[in-house]
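Presented below is the structure to which this report refers.
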Amino acid sequence: MKILKKLNPDVAGITPYSPGKPISDVARELGLDPADIIKLASNESALGCSPRAIAAMHETVEQCYVYPDGAAYDLRRKIADRYGVEMDQVLVGNGSNEILELVGHCFMNRNTSTVFSAHSFVVYKLATQLCGARMIEVPMAGGLVHDIEAMVERIEPDTSVLFICNPNNPTGTMISNDTLMSVLPRIPDDVLVVIDEAYSEVALAEMPDTLAYAMDHPNVVICHTFSKGYGLAGLRLGYGIGAAPVIRELRKAGQPFNVNLMAQAAGVAALDDDDFVQRGREVYREARAYIEASCGEMQLDFVRTTTNFMLIDVGDGAAVAQRLLERGVIIRAMVGYGLPQYIRVTFGMPEQNQRFVESLRKIIKHKQQTTKHK
Ligand SMILES: *Cc1c(COP(=O)(O)O)cnc(C)c1O
């Protein structure tokens, strides 16, 4: 097609993001009843939406004929108060993914490079490719933890952005406050450090105190989302906190009404829902214990997680993911993340986790029996 000859080569080079399959697709393709399918594939909340957010959305729905507040005043006010920062240090986005993309628009181009872990959130790669920048992917340390020392060492003169996902998706591992704080000061102050804390609200270990560090270092931006801890993934809402001059530039690169009216109202309400966040962590702690114990029984290795999903070593992740799918259990194979032997399962409610474990048990048993007979 002639028109595609004029396609931006940076776009042409992108491999599209492959999300977890929607339940409706799986039902259609396999002829299953959607009610019999469970999805534990996108690290969504096991508890549904924050009830406070739902109430706020009900109250707001009839206002949807007006444009939202482009400055998202109430929401930014609330976030700023919560963290004890100024409002001009807060940027809201259409999901925190938008913030990552704005970082790309502002700080990446053909003459720059970005540094991130080899097994980390795929959007860092997508933003880098979209902007034509060079990727410096750094292998992880043992135990699938960020090799943060090596990441800093790999910074080059043209490096403009370094991404740290903590806890990390898809490995679930966390770098501690001590490790992080010993390394951050060695990052040149002309490199933007993006600390992606998408899982901070569901974290099962103590989060490093990155905010204090960010307030002293204008080259640090911390990203948060409402998608995980507040159960609002479908609404698309996230935020970044950083130095006012950096936040101002990021805002310029975004669209005037980037966060919709319902999302703004829901976000304000959700921030008061500490009970919901707390309950989530309890559910995930229990899920982790159950699935870890089950892995032990099945003699499967796993990566100890600090969040609401975990990696399990099943040998051939793609094959096991497909078998699970046929049983109506949607999880994620990790081939695209360079971890082909693993599957990643998101923690659900107890009965969902049981369904996952029972299905996995049957598949593994079958596999172990067939290899024995060979
Ligand atoms: C889920 C996730 C996000 C959240 O993205 P949204 O656009 O806010 O839904 C961001 N970073 C990581 C690492 C994630 O896993």
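With respect to the conditions (1) farther than 14 Å from Ala127 by Cβ; (2) more than 16 Å from the ligand (Cβ to nearest atom), Ile79 falls short on a single one, namely (2).
Being away from the ligand (no atom under 12 Å from the Cβ), hydrophobic (A, V, I, L, M, F, W, C) and either surrounded by 21 or more Cβ atoms within 10 Å (Cβ to Cβ) or touching a residue at least 24 places away in the same chain (Cβ under 8 Å) (or both) narrows it down to one residue among Val85, Val122; which is it?
Numbers: Val122 fails: away from the ligand (no atom under 12 Å from the Cβ).
Just a single option satisfies the conditions, and that option is Val85.
Selection over segment 320-367 of residues that are outside any helix (DSSP H, G or I) and either farther than 20 Å from Leu32 by Cβ or not hydroxyl-bearing (Ser, Thr, Tyr) (or both) gives a count of 19. Taking segment 1-117 as the region of interest, the helices (runs of 4 or more DSSP H) fully inside it that hold 1 or more residues being farther than 30 Å from Ile331 by Cβ, of a type in the set (A, V, I, L, M, F, W, C) and at pLDDT 95 or above are 51-60, 73-83, 96-107. If you check Val268 against the conditions, is it outside any helix (DSSP H, G or I) and touching a Leu at 6+ places or on another chain (Cβ under 9 Å)? Considered against the rule, which asks whether it is outside any helix (DSSP H, G or I) and touching a Leu at 6+ places or on another chain (Cβ under 9 Å), Val268 comes out as no.
The values are calculated or read from the model by the stated rules, or taken from the named source; none is laboratory data. Note that the structure is a prediction, hence the values are computed from the model and not measured. Methodologically, a virtual Cβ is constructed for each residue, glycine included, from the backbone with ideal geometry; neighbour enumeration extends over all protein chains shown.
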